[in-house]
Amino acid sequence: MRSRMIAIAVGFAVALLQPQLLPVTFSTAIVTVIAPLLILAPRIRSSHLIFFLVSFLYVNLWGVVELDQRLPESLKRTDWKLRGVITEIPRHQQDVVRFSVDVEDIEGLQGLGSDDYLKVQRVSLAWYQPDLTLSLGDQVELTARLKPPHGLVNPAGFDYERWLLARGVDATGYVRGQLVVVSDADSWVSRARIWINDSIQTQFETQQSIALFQALTTGTKSILKSHDWDLLKHSGVVHLAVISGLHIGFMAFCGWWIGRLAGVVFYSVSYQHQFPYMGALALAAFYLLISGMGIPAQRAFIMLLVLLITGSRMFYLDHWTRWWIAFVVVLFFNPISFFEVGFWLSFSAVALLIWISQFYRGWRMALNLQFMLMIGMLPIYLFYFSGVSVIAPFFNLIAIPFFSVLVPLLFLHLGLSAVGMELLMPVLNCMSDVFWWTVQWNQKIETGYWQLDTPNVFVLILAVLVAVCLLLLRLTLPLSVILILLVPAVVGSSYTDKGRSEFRAWVYDVGQGLSVRVQIGEYHLLYDTGPSYRSGGTAFERAVLPDFQKANIDSIDHLVLSHSDNDHAGGATAVFESTKVGRVITSYPYMNAEVCAADHTWQVDGVKFTFLAGMEGSNDNDRSCVLMIESQNCRLLLPGDIGAQKEHEIIPKVTPGVDWLVASHHGSKTSSSSLFINSINPSNVIFSAGYANAFGHPHPDVVKRFLDSGVKTYETAKDGAIMLIADAHEGCKTITMREDEKRFWRSF
């Protein structure tokens, strides 16, 4: 059985790694070929190849169906009247509330009709300046402007489109006009979750206690602030604040012992030996429903379900076979989980536990477990996070038993408070204070978390070999020898091959805005920061900072803010909060910044930087800092938001044949005149604009001008982040992320 499960898992993986899904006609052809073979040759049915093909076709069909339900690209920014039920606890951020709706009825406005678009099953919406309080389970009627699922694509960035696919979201948008609540929540689960959150909100005073307890009960994580997540990450206990395997396991353990006690009381019942399994399953299922059925919780429950079913029916399957069955079942219900970090962390940890349990028992296993888990998980942490918490093994020895008491105690308190007894509230307050005080104290240990450069393949292989060797030796080596063996993996990961490039530039996908990083060896320049959002946060934090963290960039030499518009300088504060900044150059008064005076120039390793214009103009856009970057072989021009008149003024300063031009003002009709294009004669133009933006950037006329002049065009909305490489031997290369890291769920 295990080998068949492996064949199925491989089929899942191959299908999910396709850059593009196979058409249904091709899949049908394969089924047409193998179906007669299965009928005529029964022995083939047990072939591993058949299991592989069936799983491959299943995932391919799943992907086709899911993508077919999405709102078509041709209908982006269209208005729809819809009715549906709110499926998650609304998230409030300043003057906006975000929520998802399971669509019951949808009707297109502006003559769009409805018959052809009823495939849309779930939409994710934002409601700005709401005048009603929304709750989980409310049935609502509203008008929304929708667009297909789309997200920013940047190096080391969050894959929002995959996240939406995993949660079945077929369109995103925002509420326009009036929203009406037709009826309140009618399911006991929705009402229970609302009551739990309200009870925690009113009974506990500190924000961190409320955030932690809501996260542990209903899975509401919106109250946890970014600083809280940083504290949890530093201590290596993020997994304790996100409902997953440990929490489901805690509740199943309680249910098991409740079942054991019930078996003692009802000893005469013929099936009393099943009571522990029934109790564990019932309490775990209850917790799954109350927690909102998040994907990590679903995954953990499926793993538990496989374990309980095989145990209760006396199948006597070994642990590894159960592991593979759970692996396959999880992917069957949600194939896209294959790409979730939590999926690999969960199954890798369980696999290590199975392996370690072969050598240790009792207290010896408890003492060695955390350290061995850190060693075994090191390659995964390096791959996904480029870092590891070295204090996590020690802190988890205390934190895991601590939470195994806290979670059941919290539910017991909620049950007692429902009848007016709040006896446990002082205990819970104390436990919360102790936990947060401890993680805050841990953050003071500067060496507690090792943030490393992005590891190359050699380092990852080395880390795997080190982990395997240490685990196979079962920690019989002295601690000093173990630490020496770990040094190459840690030191090696801090080495990154800078290559032979004269300079590299990243035009980040920041939506409607601009942010460009230029790198020459260890030198970094950031031109603009992208926008800030009225709901909170900045594009810099979402699109740029993850790349900085992955590459271990903690300082930049120059920050250039072309002008004061939010879409260019909105993330400046976030830059200063997260990164050490050398010199700041702007076209407007800002702190102690220098001004970008025309003809000001400097060089870094043979690469010349020159401001062609700045500080002078009839408006803020025309006063933008215009920066030319020149190496021996390639040139990059960053004009900010200047208009056509200012473009004409800098033409005499630009030698024709610019390799890369970032289009002024995101491709606005008031910029990029034919005279300017023909005069500087760029080889490539990049439009940094938001997907389906309200301004219509880039304007079709501007795109046509460039195409008519033989210029190759790129758009961050369609191509994702764009890497520009000025190479001394291979010339000027352009790499787009959506093409370089093609995924079947991504637009374009």
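The values are calculated or read from the model by the stated rules, or taken from the named source; none is laboratory data. The structure presented is a predicted model; accordingly, all values stated were derived computationally and were not measured. Counting neighbours? That spans all protein chains shown, and the Cβs are built from the backbone with ideal geometry, glycine included. What goes into the accessible areas is simple: the full protein's heavy atoms, side chains included, and nothing from ligands, DNA or RNA. Shrake-Rupley method; radii C 1.70, N 1.55, O 1.52, S 1.80 Å.
Would you please report the Å³ per residue occupied by the convex hull of the alpha carbon atoms in the stretch 600-735?
Expressed per residue, the convex hull around the Cα atoms of the stretch 600-735 is 106 Å³.
Choose one of PHE744, ALA689, THR734: the residue whose Cα lies farthest towards the positive end of the charge dipole of the stretch 608-748 (beta-carbon charges +1 Lys, Arg; -1 Asp, Glu; about the Cα centre).
Comparing the listed Cα positions along the dipole, PHE744 ranks first.
Using R₀ = 60 Å, calculate the FRET efficiency as 1/(1 + (r/R₀)^6) where r is the Cβ-Cβ separation of PHE333 and ASP599; round to 0.05.
0.45
Under a crude label model (7 Å from the Cα following the beta-carbon direction), how far is GLU522 from ARG91 in nanometres?
3.9
Students often get this wrong, so check it: of LYS608/LYS646; LYS76/LYS646; LYS147/LYS742; LYS653/LYS712; LYS76/LYS733, which have C-alpha atoms separated by over 25 Å?
LYS76/LYS646; LYS76/LYS733
Looking at the stretch 658-748, what % of the alpha carbon pairs are farther apart than 22 Å?
30
With all distinct Cα pairs included, what does the Kirkwood hydrodynamic radius of the chain come out to in Å, to one decimal, could you say?
For the chain, inverting the mean 1/r across all distinct Cα pairs yields 29.0 Å.
For the stretch 525-646, state the semi-axes of the equivalent ellipsoid (square roots of 5 times the eigenvalues of the alpha-carbon gyration tensor), sorted largest first and rounded to whole angstrom.
Whole-Å semi-axes of the equivalent ellipsoid: 23, 19, 13.
Out of all DSSP beta bridges with both ends in the chain, state the antiparallel percent to the nearest 5.
So the antiparallel bridges in the chain amount to around 75 percent.
What translational diffusion coefficient, in µm²/s and rounded to a whole number, does the Stokes-Einstein relation yield for the stretch 243-360 at 10 °C and a viscosity of 1.306 mPa s, taking the hydrodynamic radius as the Kirkwood radius over Cα pairs?
Estimated diffusion coefficient is 106 µm²/s.
Mean shadow of the stretch 584-658, computed from the convex hull of its alpha carbons, in nm²?
5.2
Can you compute the modelled spin-label distance between ILE735 and GLU107, with each label point 7 Å from Cα toward Cβ, in nm?
In this crude spin-label approximation the distance works out to 5.2 nm.
How large is the charge dipole for the stretch 181-329, taken about the Cα centre, if only the Cβ atoms of Lys, Arg (+1) and Asp, Glu (-1) carry charge, to the nearest 20 debye?
Dipole about the Cα centre, nearest 20: 360 debye.
What number in nm² do you get for the stretch 498-546 if you take the convex hull of its Cα atoms and divide its surface by four?
Orientation-averaged projected area of the Cα hull: 3.6 nm².
Given a cut-off of under 8 Å on Cα pairs at least six residues apart, what relative contact order in percent is computed for the chain?
10
Please express the Cα-Cα pair-distance distribution P(r) of the stretch 525-577 as a list of whole percents, one per 5 Å bin, running from 0 to the bin with the greatest distance.
That works out to 5, 21, 33, 26, 11, 4, 0, in percent per bin.
May I ask for the equivalent-ellipsoid semi-axes of the stretch 692-740, computed as the square root of five times each C-alpha gyration tensor eigenvalue and listed largest first in whole Å?
Its equivalent ellipsoid spans semi-axes of 24, 16, 7 Å.
Between 0 and 90 degrees, rounded to the nearest ten: what's the tilt of helix 245-265 against the longest Cα principal axis of the chain?
With rounding to tens, the tilt is 10 degrees.
Return the calculated 222 nm mean residue ellipticity for the chain, to the nearest 500 deg cm²/dmol, obtained by summing -39500 (n - 2.57) across DSSP H runs with n ≥ 4 and dividing by the residue count.
The helix-only estimate for the chain comes to -14000 deg cm²/dmol at 222 nm.
Would you grab the residues whose amide H sits under 5 Å from the one on VAL595? Only those 5+ places off in sequence or on another chain, please, with H modelled 1.01 Å from N.
For VAL595, the qualifying residues are THR586.
Treating the beta-carbon of each Lys and Arg as +1 and of each Asp and Glu as -1, no other charges, what is the dipole magnitude of the chain about its Cα centre, to the nearest 20 debye?
2480
If the chain between VAL180 and ALA262 were fully stretched, how many nm would it gain, using 0.36 nm times the residue separation less the Cα-Cα distance?
Full-extension gain reported as 24.7 nm.
What whole-number value in Å² describes the accessible area per residue of the stretch 126-209 for a 1.4 Å probe?
Each residue of the stretch 126-209 exposes 45 Å² on average to a 1.4 Å probe.
Tell me, what is the percent relative contact order of the stretch 90-195, built from C-alpha pairs under 8 Å that lie six or more residues apart?
After rounding, I find 30 percent.
What does the charge count around ALA593 come to, taking other residues whose C-beta lies under 15 Å from its C-beta (Lys +1, Arg +1, Asp -1, Glu -1)?
So the surrounding residues net to -1.
How many times 2.2 N^0.38 Å is the alpha carbon radius of gyration of the stretch 158-302?
Compactness ratio reported: 1.30.
Against the longest alpha carbon principal axis of the chain, how many degrees, from 0 to 90 and to the nearest 10, is the axis of helix 24-40 turned?
The helix 24-40 is inclined about 30 degrees to the chain.
By per-residue mean of other Cβ atoms within 10 Å, what is the highest-first order of 162-172, 332-342?
162-172, 332-342
Helix 48-68 versus the longest principal axis of the chain: what angle, 0 to 90°, nearest 10, using Cα atoms?
Rounded to the nearest ten degrees, it is 60.
Round to a whole number: what % of the accessible area of the chain belongs to carbon and sulfur, probe 1.4 Å?
Roughly 60 percent, rounded to a whole number.
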